[in-house]
Amino acid sequence: MARVRRKRRKPVAEMNVVPYIDVMLVLLVIFMVTAPMLNQGVKVDLPKVSSEALPQDNNTQVLTISIKADKTYYWNLGSEVDTDKQMDKAMTLPQMTSAVTKIISAGRESGKQTQVFIRGDKTVDYGSVMGAMGGLQKAGVGNVGLITEAP
């Protein structure tokens, strides 16, 4: 009888990388999920500084927009913010935007630049302040300052 000789398989010297690819994909998913949860930026303890008021230019008018805790808007035209003399009519955001548009255009006609500042109550949410800034941008205001209290 003739024997059939089988060829012996040679061991493969290659490494099976499929399990490693699976592990790498799981790690990739874990990093993609946890990356947005990390805190961005560096914690810094900012110094408290008191400074002198900026010098006023005669060719500049100051417009202050105040946002109260109940999300009503008020405006005051002048360099000093006097809460007793402030415009006592509570306005909505569209009303404030149209009022500021009129003030800005009147100032431009008289040749004055208008500096605009926002005084927001500390309990007002971020969205209300951003809404005011968006309304001021629609009114043609380029730069807006935020007013805070001295320490």
- [ ] Just need a number here: residues in segment 95-130 that are closer than 23 Å to ASN59 by Cα and assigned to a loop (DSSP other than H, G, I, E, B).
- [x] 3
Open item on the list: What's the number of the only condition in (1) outside any strand (DSSP E or B); (2) surrounded by 12 or more Cβ atoms within 10 Å (Cβ to Cβ); (3) at pLDDT below 85 that THR148 fails to meet?
Closed with: (2)
Task: Those residues of segment 131-145 which are in contact with a helix residue (DSSP H, G or I) (Cβ under 6 Å, 6 or more places away or on another chain) and either of a type in the set (Gly, Ala, Ser) or not in a helix (DSSP H, G or I) (or both), in sequence order - done: GLY131, GLY135, ALA139, GLY140, VAL144
Open item on the list: Here is a check on your reading of the model: is GLY140 of a type in the set (Gly, Ala, Ser) and at pLDDT below 85?
Closed with: yes
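The values are calculated or read from the model by the stated rules, or taken from the named source; none is laboratory data. Quick caveat: nothing in here was measured; it's all calculated off a predicted structure. Backbone-built Cβ (ideal geometry, glycine too); neighbour counts: all protein chains shown.
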